[in-house]
1. Show me the helices (runs of 4 or more DSSP H) found entirely inside the stretch 68-174 where at least 2 residues are of a type in the set (D, E) and either open to solvent by 70 Å² or more (accessible area, probe 1.4 Å) or closer than 19 Å to M58 by Cβ (or both).
2. Tell me which of these R51 doesn't satisfy, since it passes every other one: (1) of a type outside the set (V, I, T); (2) open to solvent by 20 Å² or more (accessible area, probe 1.4 Å); (3) over 17 Å from the mean Cα position of the chain (by Cα).
3. Please go through the stretch 107-138 and pick out each residue that is over 16 Å from A90 (Cα atoms) and in contact (Cβ under 8 Å) with a residue 40 or more places away in the chain.
4. Scanning for something modelled with pLDDT of 90 or more and in contact with a strand residue (DSSP E or B) (Cβ under 8 Å, 6 or more places away or on another chain), does the stretch 67-84 turn up at least one residue?
Amino acid sequence: SSIMFANTVLYFDFTSALVSEAMGARTRRATCPDGTTTASNTACCQWYTIRDDIQSSMFQNQCGEEVHETLRLAFHDAMGYSPTSGGGGADGSILTFSSTELSYTENAGLEDAVDLITPYLTTYSSVTAGDFLQFAAAVGISNCAGAPTMQFKAGRPNASEAAPEGSVPVQTGE
């Protein structure tokens, strides 16, 4: 099923919901714990709460520096992948193993973004670092005029190791 937040589309891989939508059936909506929000699957309810929190407390409903930092952090986390040694990708390892990954040259200047996101990982401990980071980037960019619609899929496992050094290209020259 998908949920639209401004320019952010959330896709959840819940087979029964997907089958119902594909068949054109009207799905029964579940009422979330707040008593007012409804979702096609109760597992989606937490994302509404997280969205509302980070929009007001992290991004202040604006396309500012926090959005830019979060988007860059999400990009570096996703790029940190090694097809030969395995591991990495959009798994939140840049948050989970920040003491390692922030020492990489290619991740210079991401410390503030990690500091911005890290407290939310404690608040929303039922969500993996990878899911939270990618969701925050998708929500944040929805505040920017002319931004593309970004898809979000939940279900990333927690990172088990740091992404390999050198897996994100380093900017050279101009």
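The values are calculated or read from the model by the stated rules, or taken from the named source; none is laboratory data. As the structure is a computational prediction, the values presented were derived from the model and not from experiment. Note: ideal-geometry Cβ built from the backbone for every residue, glycine included; neighbour counts use all protein chains shown. The accessibility values were calculated without ligands, DNA or RNA, using every heavy atom of the protein model including side chains. Shrake-Rupley method; radii C 1.70, N 1.55, O 1.52, S 1.80 Å.
1. 111-123
2. It fails just one condition, (3).
3. D112, L116, Y120, T123, Y124, S126
4. no
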